[in-house]
Every structure is written in C-alpha cells, then in structure tokens.
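Novice: Let me begin by handing over the structure; questions about it come next.
Read-outs throughout are calculated quantities, based only on the coordinates presented, and are distinct from any laboratory measurement. Since the structure is predicted, the reported quantities are computational estimates derived from the model, not experimental observations. We place every Cβ from the backbone using ideal geometry, glycine too, and count neighbours over all the protein chains shown.
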Amino acid sequence: MDKELQDLIKKLLTEKKVDYAIGYEKAYDEFSTRPAFVTSAEDTARLIFNKYCINNLGLYLTKLKKNKIALICKGCDIPTVRELVKEKQFSRENVIVIGAACDGVLDKRTGKQPEKCLNCGVKQPKGADFTVGTAKDSTTARNFNDVAEFEKKSSKEKMQFWDRQFEKCIRCYACRNVCPVCYCPDCFAQRSMPEYLNKNVDAEENKMFHMIRMQHVFGRCTDCKACDTACPVNIPLTLLTKKLAKDAKELFNYESGADMDARPPLSTYDEDDPESGIM
Amino acid sequence: MDNKVPQLNIVGFLCNWCSYAGADMTGLGRNTYPSNIKVIRIPCTGRMDPMMIIEAFHNGADGVLVSGCHPGDCHYTEGNYYWRRRYPHLKSLLEHFGIDKRRFHASWVSASEGKKFAEVVKKVTAEVKDWRDNG
Amino acid sequence: MARIGVFVCHCGTNIAGVVDVTRVAKYAGSLPGVKVAVDYKFMCSDPGQNTIIDAIKKYGLDRLVVSACSPRMHEATFRRTAERAGINPYMVEMANIREHVAWVHSDDKELATQKAMKLMEMAVAKVRRSEALSKMFAPIEKRALVIGGGIAGIQAALDIAGAGYKVLLVEKEPSIGGRMAQLDKTFPTLDCSACILTPKMVAAAQDPNITLLTYAEVTEVCGFVGQFEVKIKKKAKSVNSKCIGCGVCTTKCPSKKALSEFDEKLAPRKAIYTPFPQAVPNVPVIDRTACTFFLTGKCKICEKVCPTGAIDYTQQDEFIKEKFGAVVVATGFDIYDHSNYGEYGYGEIKDVITGLQFERLISSTGPTAGHVTRPSDHREVKNVVFIQCVGSRDEAKKRPYCSRVCCMYTAKQAMLLKDHYPETQAYVFYIDIRSAGKNYEEFVQRAQNEYGVLYLRGRVSKIYERANKLLVKGADTLSGAQVEIEADLVVLANGFEPKKGAKEFAQLFHMSSDQYGFYNELHPKLAPVETAISGVFVAGCCQSPKDIPDTVAMASATAAKVCALFAKEKLEVEPLIAGVNQLTCSGCETCYNVCPYSAIEMKDKEVKRGEVRHVAEVLESVCKGCGACVGACYSKAVDLKGFTDRQVLDQVETATAPITDN
Amino acid sequence: MFKVAYFPGCSLSSTAKEYDVATRLVCEDLEIELVEVPEWVCCGATTAHITSELTAAVLPARSLIWAEKHNMTITSPCSACFSRLKMAQLNLEKYPGLKKEAEEILGETYSGKGEVLHLTRVMLERYGVDNIKAKLKKQLKGLKIACYYGCLMTRPAEVCENDRVEDPMLMDNLVSALGAQAVKWSYKTECCGAAFSLTKTEIVRKLSGDILKEAKASGAELIMVACPLCHSNLDARQPEISKLLKAELNIPVLYFTQVIGLALGYGYLDLMLNKHFIDPAPLLKAKGIL
C-alpha cells in the first residue's frame, strides 16, 4: 500500500498537479507517525500509511490556503475537508483528497482501537479523489450509546464529573490547536477587551473554555477525535464532541461534513422549526 | 408564588422590540413578579451569542431567561428563528455539562403581553428555586 | 477615565413611592467613574434636564446614566439633552427603574430598592464601555428600477417620472399592460379595461423620464439602497429598431402552432407576434420555439415582407448592467391552476374554464370576438355556472387565503353574460360574498336583483360530463337542498397565486416571501409597501391578491417612498450597526449567511501587510443593527455598536455580583 | 413468488363466494401467494365501528398483528374490510391509549409498521398491470367496460392513497391491458347506497339506479367492481331497479378478478359467473369471449 501511495503522490507532483503532499511518515519509533510535507517526487519515499496514522491532516488545510495540496485522508478525515470547504477556508479544487483505506487506528495510550473505529462505516473512504488500498467497513452502525448513558446522570453528577475532569486541565490548548475547525485567527480564549475568559488556570475557568469551545464547534465538529487524542491529561473530550454530533443529528438532522449542500444548523432556520419548550 | 425569593440571581435578556416592551407593559398594568430577574436589553434574540449565556452561568447566575418576539413577528424578520435553533442546542449542551435544565429558559413575549411576562418570570423563578432547594 | 453622571428620577411618586431614590443615588456616587449622582423629582422636565446639563458642565461629564422610566419612553429625550450639553448622544444609558422595578415590585420596597440599585449599576457598567458614535451618510443613485409592466408597474413608473426622476421599466413579455390588458370590463363601473389602461400605457411609453425595456428580465442584483447594481437580460426579439409596427409580418406568418398567452391559450397565435393589437411598444417578437425558420431553417417570409428590413434572425440575448437607487417590484400574479381539483375534472374538461379565459371569450378583442361559445364545440351557451373560491379559502388545496377579487369579478362576468345574452341563465356557487369596497356591495346586489343572476350558497361537489352537457352537482346550504344544474359552460373563479418563479426572484433581492410565495411587506400595517430590504418596495398582487384600485394606490405609495428617498441629498444611517474586525475574521461566511438584510459583503482584502484574506465587511447603509451576525460569529470578529460584547459582558458581570452598599 | 396476507372477509364466503373463487384462481396463475390469515375474525364493518372505538380497533388488530409478525402486506378484496383494517391501523397509531388497551386485550404488541392495501392495489400496482399482461391467454376485444370503484377503496383520500380520488384510473388501466375498452364516465366513485342496503332500499334503488343508468348511457356493456357490497347493490338489485326505471338495464356486473380470469382463459363455471343475477353469458358469447 505504501508503494501505491508513494507512486500516486510522485505522479501528482511530477505532473505539477499539486505543490505539496501532506501525508504521514515514521517518527521516533515504529509505533509513531508524524505529518510529512512532501514537495518533490524524490521525497515521496518517506510516505507511509499504517494503523498508527492517527492524526487528522485536514488540520493543515487552513494553514496552507494558497497552495494546491494532495492530502492523505482516512475515511473519517474526509468530512473535515468538506466542512472546511463549506466554511470557505479552502477551495475544493485546490486539494486532491487521497483516501487511504484504513482498518482502524491504534491509540498508543491504550494499545486499543478507539471507539470510533469499532463502528466505522468509512474504512473504505468515501468521497476521495483517489483511493489507495481496500478495507471492509464495520457491519455495526455508529451509535451514541455511551453519550446516552452519560445523559442519564443527574445534572449534579454531571457537574461533579466535569469538575473533576477540568481540575486536571492545564489549558495547554492542544485540543484547540489540533482541531481542524478551530482556525479562528484570534481565539476568544486569548482575547482581552473584552476578556471573554480569565487567564487563570482553575477548574471553573477551564470548564468555561471547554464549554465555549464546544459551543463554537457545534454543527462544525466532525467528531474526528483529534482533540481527544491530543489531550495530555486524558480528559474524555470525545464525550463532548460526540454529544455535539448527537445533538446536531437529533435536533437538526444534520451531520457535519456529510453533505456539501446542507446549511450549517445554526446558520439557517425553518419557519416550522419546533418550539423546543420555549414558553 | 411568593414574589420574595432572596438571594436568587436571574439574568434576563429581552429583545428591544417585543419582550422589553412587554415587560414595560407589565409595569403599566401593575402586575407584580419576583424581583430576582435583572434585565439586559438587547436588540433582538438573534444577537444572543450563546457565549453570553455561558458567561452568565460562569459568573454565578442561578438562572437565565432569554425572551423575544413570537416567531413570525421579529422586528428584523429572522432573528428569533435563529435563536429558536440556538436555544435547544445550548440547553442540551449546558445540561451535558451539568447546568440543570431548570436554570435556563426562553420565551416569546410580545409588546402587548404584559401579563404573560409576569407569568413567565414567576415560572422561571419558581423553577430556579426548585433547582436550588431540591437539587 | 470615564466621567459619569448618574441622575435618579422620582417620577413624582411613581418611582419614589416604592424605591428609596436617595439610597440609589448615594450608591451610585460610590461606583468607580461616577463623578456626580443626584436625584430629582422629574428628570424629563425642563428643570430636570437643566440639572443634567448643569452637572455636565460643572463636573466635566462625558457620559450619563439616567435612572428613570423605560428607554423606550425617554431615551431619545435624554440623548438630545446630552447633545445640547455637548456630549455625544450615544454616551447615554437608561436604567429602567419605573416599569421594571417600582411598578412591578411595589410589594417589597427593600427588594425593589436593591434591584433599582443593581439596574443602575448595570447601566453604569454599560455606559463605561460606550463609544461616541456619529450619524452616517451614503450616496444615492437617483434612478429607479420598476420591475413588471402591469398596471402597478406602469403607475409607479409614471408617478416617479412625474416627480422628475428617471425610471427604467422592465417587462418580461413583449408588451406592457399585464393582466389588466386581458380583462374585458372592470368592476364596479363596467368600464372597458383597455379604454382606461391604454392611455396609461401610451403615457408611459412617451414619458421622457421613462425608458421601457420589454421582453427583458432581471437576472442578477447586487448592492443596496441607493446603490443597487442590476443585471438585465434583454431577450432576443429578432426584430430590430427599424420596425414601424405595420404588422405585415404577423399577417403573413404561416405558423399557427403556438397558443396565445394573451388569450389564455384559447386561440393560436403566430410565431412572430405582438401579444395584442394595442401592444406597447408595438413591435413584434419572434417566438423561436414556434418559428418555422428557427425550427427547420426554411421560411423567412417575415423577412421578405418586412418593408423596413427590421427582421434580424441573428440577434442574441443581450445583458446590460445598470445602477439604481431604488427598486419597485410589481411582478404580478398567476391564476390558480385548477388541475388538482378532481371534483371539477382535473382541468381536463374543456368546457370548464377559468375566469380569465371567460374574460377573453367575452372580450370583443378576444378569439371569439366577444361571442361566448363553448371551447369544445363552439356552440353558444344557455346555462352557465360560476363557481367561486377555486384555489381560495380551501385548506385542502393549501390555499386558505381569500383572493379578494373573485366575488367581484364573478358578479361582473355574470352581468356581462346577461348583457350579451339576455336569454341565458347564470348561476353562482359561493361560500360568502366578500364585496368590501366602494360601490362593491351595490354591484353584487345589482347582479342578483336587476340581472337575475342566481346565487347559490354552497360548494359544487362534482361536475359530470353527460352527453353534450355538464351536470353540476352541489349543495344549496340556504335551502338545505342538493342541486343539480345542467350547464353548457362552467366558469371557475380561480384565485390568485404568486407568479411562477416568484420565490427564486425574491432570492435575487433577498426579499422574504410568505408560505405561498407572496412577497412580505416590512410591516403588515405600518409599512405595507416597504420590504425588509431597504430601497426595495412592492406593489400590486405580488404582495397579495388585490383589485385594481388597491393596486394603483399601492403603486403610487411605492412611488412616494422612492421619491422621498431620492429627495434626500444623502442617505442618513443609524450608527447602531454591526462592524467587523477584519484582523480576527476567519472568513467562514457564517455572518453572511445569517444576515437578514444582506448587509454583509465578503471580500478578499489585505488585512495585514502582505496578508490577503477572505473577510466580511458590513455595508453600513444596509445594516439595520439586529445583531444576528454577532450572535452567530464564533471568531468574535463582528460586534454591534451600542450593544457590544464588552458592554453586555460587563452588564452580565454586574448583574450577577452582589451589591456592595453599606 | 409474491406473497401477501389475505383477509377475505365474511362476504367472500357467502354472497360473494365467486369473488373469492375467482381471486384465488387468478392469483395462483399469476403466482401471487395469498396466505389466508388463520382464524380471521369479523373486520368490524357492521355496527362495531360506529358503536365502540375499542372493538373497531381490536377486531382488525388481530389480523394486522398476524400479518406484521409474518412480515407480509395484508390485503382484502372487500373494500369495507380494507377500510376497517386501514382505519384501525391509523387509529392505533394516532391514539397511544387505544393501542395500549388493544394490546392488553390481545396480549400482543403491535408496531404499526405493516402495510395495508386493497387487493386492487396489490394486484394492479405492486404486482403490476404489465406483469398481468404478460401472462394473458386472450384479449377481451370489443368489450366496453365501466369500472366502478365505489367509496371505501377511494375515501378518505389521504388514507387510501389512490392515484386520483375523483377519477381513479387503476382498474381502467387494467381494462385497457386486457384488450377491452374502458369507457370514460363520471360515476366511478359515486355512492351506491351500500349502508342502506337492508334498511332503506328505496335510497339504494335511486343511487344504484343512477350509477347503472350512467354506465349504460356512457356505452358500457359491463360493469367491473372490486367490492362485494357494490356488487350486491348493482347486480342483485338490478331487476327491481329496471322495473323502477321502466327500462331494461340488463348490464352484467363482474368482479375485476373474474374479468382477469376470462382473459386468462377460464370458463363460465370456473369463475362462477353463474352466480350473478344478471347473466353475463349472452354478452360474453356475443363478443366471442366464452
């Protein structure tokens, strides 16, 4: 598969279809990969694809706006590309999406496949310009059981749960920095005048940062789990991002990055929208 | 309910054209309601950035009410439709973080619904009180 | 550092009877930035305002908080006061301690006083962050675009032109005149429609201030009030300006395949045609979908017979782009298509016709030269049944609204029928008669009493074709009997519906329409001809069904609005609007998508040296300050003057903090 | 193999025996498997549906549940049975309380997902007129047929979901496919007076008389129906109606499956055409069909 991938990129670079290719290369040990930026045909030998390619490279699209890029995507990364195109961060013709068939990635921390891979319907990527390799999709459909289970807790229990989690948070902003849709030029968290968020690192402020970030990415977050993976203190951010996906689906029948023509749920309305308990 | 509920802080965001005028009408009709609500005037519920509500809870508000024009009556034609989408999403998200659903409310109050505004405030205050007293 | 003055009003005993105003003023004096805090009996009175002005001068204040009644009551008053004393009027905030405190918390004076202190403190917090704003101005292109050449468009164009402004009147069809030109007579005076319309059409054509553009359509709109930029497609007429309107080409044209739109498809028309003899301009067009030459490459008879060489088969659609300060939309209506009325034969029974078809049948310029004959076999008619409310007041057909004119035109048509053929019998099935209007009820009464038109209150349940007749079965709810009428012709009073493509057209201007597709006025009572898009006005039936006098009145009203706009040197704009900080804008277009007024423009702009980004910009003359963009922007790049994030956040913070009053 | 749950209803085992026989015969030829609902009970079309909402729901629910369990569309050749089954399904969906009560009585749960269709739609729409056409043995050339749909298979419109409420074409399309001619007439869905069949026969005579007259006037030689109640009013009462109208109507009334049967080559007795009051034999012989 690596060979197939390398040949494809080589071809694209030689034919000047793209300026860059963004893919994965081996990092410091065999269990690690890191993003690789390849500009010349000779350099393509670096590129690999395996179960440790956990990063969502869609992140880099917002950083390299003007170039033509070939981007290596797992099936679950492609919605990110669509979402960013929808949000005008990139034009679709400037990116060649190379879908890499993926049998599921491994979370180094646990040595297990993350939950998203167990119920993955896009192991064989959908919507890519080129696809390398083949993989079989999971037969079980994606579900929100874990979120639904958490929702059953009382609000007090939820509050206590998150308070404990956010006491751990060191506000390193890794979650934000790896998030492909957190591309604001000047994040609210760092603003002053008005100071939306106190710069103190304490549980309350930390919690508010995450609440606002979650609100900001609602209807845009593709639940790619990049933030969850990046968190150095293992805050279960997936419980939040998955909640967003569940709400978008249940409240507005919307799935981020699924349909290029669907308007983001909060940027549109229907005169017949439900009243949702408004008095 | 009793209008005297000490030490309960509720922030009310009222749109200028309907609900703020409706609250004025409540006064004109001398209908009473608990004094816990502090009103902030905004041009339209479409202006309601969910951040402001998160900030209010963060600052220690016990409850938040957002009130605007009835659907179809928005002074700016569409603002309250956007709000009608933001509200269930935000309510669900806040609940997920442990902010009880009894603490966050929305209503439609027109410029002529003075009585309704008093009823809404009573109901919101009672719900927030219920949350504080009974957990 | 801000220099704030706080002025607490007693409002007689209205406030002071409940709230301890001196305590409020004292508390105010303890707040940071507050240089003076006083209370007074009536702040809005002349001495009250003078107190404020004196304090401004004495303490060098730069911003004010008035703790009094609702800002909806006196904000304007105190803004003027501030202006008189040389302070920017937008540096004034009010704390509403009358409607929101004294009047609603009279049952506990202590809690009321505490709340009054809090509201005042919140106003102080807000005004501390206020910025001086000034009124803004924008230029106006003093030229109007009127879309739709029916009676509404003609009237609006004539009135605007009469005031001395230039008008471009765009019409989709080859001639102006619209629906009114199709009518035979008009109610309630029974004067000939063409006789009163034609002079207006001619006047519009001859007015030096009006440019007519027929056979043309608006395809693209950008810009905003005072500065609309409109792209118009001039469809190829295949006839150039040499045409003198002699009509020889039409007479000689051998093609008879097309059906006349003007005659409601009751008669054929030629491939080169003017819709009707009095057409303005009297220049024919070639319908390329029917023309033998365009279909087969042979014929060219019109070219041969034309005495001036005006036929030009090579003409192409042409696009022009022009600037206008204001737009009048008068695009009219279609009549309801009754093919989904199964009980009336799914539109498949030839002798069940629409009201508009009846107009053409009974018109002396129509296809039968005024003889009312059956479309199926051209026999003359004896019994004619009129059925009202077809596609109106019918929930089942999703047309619950009343089309307003059908009661009247049915009465008129029944009377005309009796006029032409006294021996015929006319029956009218109706739900109610709605004849509100000058001389309208009398008119309907005349139809019944003088003309002997038989009115039956009830609906028709079914029309049966039997032998050469139509059996009309219905209920007469007044006698409680089932009725069966053997008719020769059934005339349906088809209701009005929006023109086909009305919604798509609305999108060009970002106008909103109701669930049926009629354009929404800005306010149903107080702004009936304005739309949510400033500078765009609506007239006639594109807004809702209405009769000719209402249409004309509405058209003149739009003209008055356009003239009032053009009479200004420049456009004054309220400064409480949104603004974008382009440095923090991420260019995601969320604000652009939610803005109800299309007041956001997306631009590629150099925001920092060497950094060109896709960013939003607020069109200041278009923005109405609703803040929908602010509520939606997650980059926090948009803010709303007068209600900034900073102001609201400080109000929230103050509202939730305890009172620190000793 | 096309498989449906079959709810014949009481008429088809008594006054309309011939409809049942013809239907089963034809369906066998067409390879449509009719699985009779075991131990089916009254559909409630009698007095049940106007006297007790619960009875009206529980009676059909039994059959609905059986069909749903066996994953089959349920169909009835009788318009009244069809109407009861369909209305019960809708009411059980609309009123959760009713559903709960019905489930308690029956001791089973009902999801409401199964499909309920009149036999005409099963055969002519789902199975398809074209498929029928492919299996025909002969053409019914020269026969002019008026298709009569009646009320319960067309109304209420939003329940029956037919093509056109006022002018249905389902059976008319079949007639054309069989090689016969469907006459254009406007009494396809008029009331035959069915509800007054036993209590106020004078109304039935008037209404059914209108239908027969109109069919005759439009040139029809035969009326085709898809409901035993329509049939009994138009056929059994025809002699008395003729007397009342002082005109010899003599227009045979056949079930649509009987007509298909003719085109599949079945004979007079196979299709029990002898059971009709107006004997179709002379007409069919004259046309060379028998």
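Novice: Just the projected area, averaged over all directions, of the convex hull on the alpha carbon atoms of the stretch A:2-132: how many nm²?
Specialist: 7.7
Novice: Kindly give the semi-axes, whole Å and largest first, of the ellipsoid equivalent to chain B, taking each as the square root of 5 times a Cα gyration tensor eigenvalue. Can you show the working numbers first?
Specialist: Working: eigenvalues 94, 78, 23 Å².
In descending order the semi-axes read 22, 20, 11 Å.
Novice: For the stretch C:4-133, calculate the relative contact order in percent as a whole number, restricting contacts to Cα pairs under 8 Å that are 6 or more residues apart.
Specialist: Relative contact order of the stretch C:4-133: 30 percent.
Novice: Averaging over every viewing direction, what projected area does the convex hull of the Cα atoms of the stretch D:125-169 cover, in nm²?
Specialist: One quarter of the hull surface, i.e. the mean projection, equals 4.2 nm².
Novice: With an 8 Å Cα cut-off and a minimum separation of 6 or more residues, compute the relative contact order for chain C in percent. Numbers along the way, then the final one.
Specialist: On the way: 1440 pairs, mean separation 83.4, N = 662.
Once divided by the residue count of chain C, the mean separation gives 13 percent.
Novice: Please list, short to long, the whole-number percent of alpha-carbon pairs of chain C in consecutive 20 angstrom bins beginning at zero.
Specialist: 16, 35, 28, 17, 4, 0
Novice: Quick one: divide the alpha-carbon radius of gyration of the stretch D:81-182 by 2.2 N^0.38 Å and tell me what you get.
Specialist: The stretch D:81-182 yields a ratio of 1.39.
Novice: For every helix of n ≥ 4 consecutive DSSP H residues, a contribution of -39,500 (n - 2.57) applies; sum these over chain D, divide by its total residues, and give [θ] at 222 nm rounded to the nearest 500 deg cm²/dmol.
Specialist: One gets -12000 deg cm²/dmol as the mean residue ellipticity at 222 nm.
Novice: Enter the Cα centre distance for the pair the stretch D:27-56 and the stretch A:1-24, rounded to the nearest angstrom.
Specialist: 67
Novice: Percentage of Cα-Cα pair distances in the stretch C:228-358 greater than 21 Å, rounded to whole percent?
Specialist: 56
Novice: Hey, how much of the P(r) for the stretch C:4-133 falls beyond 19 Å, as a percent of Cα pairs?
Specialist: 39
Novice: Could you give me the percent of Cα pairs per 5 Å distance bin for chain D, shortest bin first, beginning at zero and ending with the bin that holds the maximum distance?
Specialist: All Cα pairs considered, the percentages come to 1, 6, 12, 17, 19, 17, 13, 8, 5, 2, 1, 0.
Novice: Here's a follow-up. Would you list, by chain and number, the lysines whose Cα falls below 24 Å from the Cα of C:Lys256, excluding same-chain residues fewer than 8 positions away?
Specialist: C:Lys172, C:Lys235, C:Lys237, C:Lys265, C:Lys270, C:Lys298, C:Lys300, C:Lys304, C:Lys350
Novice: I've got another one for you. Relative to the compact-globule scaling 2.2 N^0.38 Å, provide the ratio for the alpha-carbon radius of gyration of the stretch B:37-116.
Specialist: 1.08
Novice: I'd like the mean, over residues of A:188-195, of how many other protein chain beta carbons sit within 10 Å of each residue's own Cβ.
Specialist: Across A:188-195, the average partner-chain Cβ count within 10 Å equals 3.
Novice: Turning to a different aspect of this structure: At 4 °C and a viscosity of 1.567 mPa s, what translational diffusion coefficient does Stokes-Einstein give for the protein assembly as shown, taking Rh as the Kirkwood radius over Cα pairs? Give it in µm²/s as a whole number. Write down the numbers at each step before the final one.
Specialist: Numbers: Rh = 37.7 Å.
D, rounded to a whole number, is 34 µm²/s.
Novice: Note the per residue figure in Å³ for the convex hull of the C-alpha positions in the stretch D:2-118.
Specialist: Taking the convex hull of the Cα positions in the stretch D:2-118, it is 89 Å³ per residue.
Novice: List the GluC sites (Glu not before Pro) within the stretch D:29-63 that DSSP assigns to loop and that have no more than 14 neighbouring Cβ atoms inside 10 Å.
Specialist: D:Glu31, D:Glu39
Novice: Could you tell me the ratio Rg/Rh of the stretch C:528-662? Both radii from Cα atoms, Rh via Kirkwood.
Specialist: 1.14
Novice: What's the average, rounded to a whole number, of partner chain beta-carbon atoms within 10 Å of each residue's beta-carbon in C:97-109?
Specialist: Per residue, the average neighbour count from other chains is 6.
Novice: Across the stretch D:45-98, how large is the tail of the calculated P(r) beyond 18 Å, expressed as a percent of all Cα pairs?
Specialist: When all Cα pairs of the stretch D:45-98 are counted, 27 percent exceed 18 Å.
Novice: Identify which of B:Thr125, B:Thr26, B:Thr45 has the largest mean-square fluctuation in a Gaussian network model of chain B, with springs joining Cα atoms closer than 10 Å.
Specialist: Maximum among the listed residues: B:Thr26.
Novice: What whole-number distance in Å separates the alpha-carbon centres of the stretch C:599-616 and the stretch C:448-480?
Specialist: 68
Novice: Please report, for the Cα atoms of the stretch C:421-555, the Rg to one decimal and the Dmax as a whole number; what are they, in angstrom?
Specialist: 20.0, 59
Novice: Once each part is reduced to its C-alpha centroid, what is the distance from the stretch A:73-105 to the stretch A:212-279 in angstrom?
Specialist: Spelled out, the Cα-based centre of one part sits 18 Å from the other.
Novice: Taking N as the number of residues in the stretch D:138-286, what is its Cα Rg relative to 2.2 N^0.38 Å? Could the numbers behind the result be given before it?
Specialist: Details: Rg = 14.6 Å, N = 149, 2.2 N^0.38 = 14.7 Å.
In units of the globular-protein estimate, the stretch D:138-286 measures up at 0.99.
Novice: Separate question: Quick one: what Rg and Dmax do you get for the stretch A:145-267 from the alpha carbons, in Å?
Specialist: Reported Rg and Dmax, both Å: 14.7, 42.
Novice: Relative contact order of chain B, please, whole-number percent, based on alpha carbon pairs below 8 angstrom and at least 6 residues apart.
Specialist: So the answer I get is 36 percent.
Novice: When you count, for each residue, the other Cβ atoms within 10 Å and take the mean per peptide, how do D:131-138, A:212-219 rank with the highest first?
Specialist: For the peptides D:131-138, A:212-219, the packing ranking is A:212-219, D:131-138.
Novice: Could you give me the radius of gyration and the Dmax of the stretch C:335-497, taking only the C-alpha atoms into account and expressing both in angstrom?
Specialist: Cα radius of gyration and Dmax of the stretch C:335-497 are 14.6, 44 Å respectively.
Novice: Considering every residue in C:631-641, what mean count of other chain Cβ atoms within 10 Å of its Cβ is obtained? The partial results should precede the final answer.
Specialist: Working: counts 15, 9, 3, 16, 7, 10, 3, 1, 1, 5, 0.
What the average comes to for C:631-641 is 6.
Novice: Averaging over all projection directions, find the projected area of the Cα convex hull of chain A and quote it in nm² with one decimal place.
Specialist: Spelled out: convex hull of the Cα atoms, projected over all directions, averaged, 16.9 nm².
Novice: Same structure again: Any lysines with Cα under 26 Å of the C:Lys570 Cα? List them, leaving off those in the same chain fewer than 8 positions away.
Specialist: Cα-Cα hits under 26 Å: C:Lys135, C:Lys142, C:Lys166, C:Lys231, C:Lys321, C:Lys323, C:Lys561, C:Lys603, C:Lys624, C:Lys641.
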